[in-house]
1. Arrange B:Glu196, A:Glu123 by Cβ neighbour counts within 10 Å, fewest through most, would you?
2. For each of A:Ile76, A:Ile31, count neighbouring Cβ atoms within 10 Å of the residue's Cβ, then give the residues from fewest to most.
3. Dipole of the protein assembly as shown, Cα-centred, from +1 at each Lys and Arg C-beta and -1 at each Asp and Glu C-beta, to the nearest 20 debye?
4. Say the dipole of the range A:3-105 comes from +1 at the beta carbon of Lys and Arg and -1 at that of Asp and Glu; which of A:Pro67, A:Leu94, A:Ala27 then lies farthest toward its positive end?
5. Per residue of the protein assembly as shown, what 222 nm ellipticity follows from adding -39500 (n - 2.57) for every DSSP H run with n ≥ 4, rounded to the nearest 500?
6. When chain A is turned about an axis onto chain B, which of its residues keeps its C-beta closest to that axis, and how many Å is it?
7. Which distances, shortest first and in nm, link B:Ala45 to the matching position in the other copies, using label points set 7 Å out along Cα to C-beta?
8. Go ahead and run the numbers for FRET between B:Arg118 and B:Arg56, Cβ-Cβ distance against an R0 of 35 Å, rounding to 0.05.
Number of protein chains: 2
Amino acid sequence: MISLSKCRLYVIIDRAASGGRDLADVAAASIRGGADVLQFRDKTASARAFMKEAERLLSVARRADVPLIINDRVDIACAVGADGVHLGQDDLPLAAARRVLGPGRQIGRSTHSLEQARDAEAEGADYLGCGPIFQTPTKPDAGSVGTELIGRVMDAVRLPVVCIGGIDRGNLAAVLEAGADRVAVVRAVCAAADPESAARELKQTLEQFHARV
Amino acid sequence: MISLSKCRLYVIIDRAASGGRDLADVAAASIRGGADVLQFRDKTASARAFMKEAERLLSVARRADVPLIINDRVDIACAVGADGVHLGQDDLPLAAARRVLGPGRQIGRSTHSLEQARDAEAEGADYLGCGPIFQTPTKPDAGSVGTELIGRVMDAVRLPVVCIGGIDRGNLAAVLEAGADRVAVVRAVCAAADPESAARELKQTLEQFHARV
């Protein structure tokens, strides 16, 4: 399985963004298009339904040897044997999540400022989300941090930083020019008419950019 | 610490029912009034806020040597070191919760029919909730199973059965006459003007009834 530090394209499989499509199909298409890692997020499902879907997505991910990260619910990550958990600022503290999850699984933390990024690194996160880079309908109240935070965070921490928030094929180049080396997308893949092509296009841009620099 | 099988009065500390009061105060008052076990439930808080409050309630419960059970979030029960977790029908499956929680902690399951009660016992629950006995504003859509289910469930399973749902001092006797030997309350204590007196009155009724039979 690819190490998270080598992942370029992180696709978040989000029920609300997927417009009623089968999430296992969206996940498989994302992987065919080049997603290096998947995260599963469903803020409205019951724990039981979330777990059941997580098990389906994990079997899709396992077949492709792609890591699956679970959003928020450390217990569900643990119960299904996922590769890690992604925590927002209002989710469990890092140390608590690590205690439940045990060693050997990845813990990511969403960060929205330089200070939060430094804190997450100090608390023991394995990778950071950094954003929202742009305004996104996925998190309408979150505002945006802009591309200028990217370089500052990447200079300040040694962890892998995954830029997120409203990134799509139209603005990906700006995110890369600002210093990003990996990005996470939700709607740019899950809400695309063709998630596989959407993922492929993003992945190609990421790879071409990094082949160039 | 009292064994769950000996608990008569199970008080669920619920933020929504507590009308803005400090939950640690409500918990302490419940215990002074005779609560044998507490459950903490907060369906709207973030995981981080829920965990923080759970830690406060756990220290109140520990001082009184009363078990604290966490609703739904197995990860939070685990992270704070609570005495167990209570699962609704839409929460994690028993086996998954046990895998995360490890042995030695209690897992309760809400059941609303004889079949669910038998299933929960077969799946390895440590105790059952049975209800809603009466209609309750806490779960307005859940209807009610009535007192007649109590005897049937208690005849069918060997686990401790905690009757719940709209139970208060006005109808507790009917629940006990129907065969209940332990009850859980939310609003009857959390929403009472004086939670301590409310718990005490319920506890006395429970003890007097069982001294008599």
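1. With the fewest neighbours first, B:Glu196, A:Glu123 line up as A:Glu123, B:Glu196.
2. Least to most surrounded, the residues fall as A:Ile31, A:Ile76.
3. About 420 debye.
4. With unit charges placed on the Cβ atoms, the residue in question is A:Pro67.
5. -12500 deg cm²/dmol
6. Closest to the rotation axis on chain A: A:Asp75, 2.
7. Spelled out, the distances from B:Ala45's label point are 2.6 nm.
8. Given R0 = 35 Å and the Cβ-Cβ separation, E is 0.45.
Any read-out appearing in this document is the output of simple, stated calculations on the displayed coordinates, not a laboratory observation. Just so it is clear, the model here is predicted, and its values are computed rather than measured. Cβ atoms come from the backbone with ideal geometry, glycine included; neighbour counts cover every protein chain shown.
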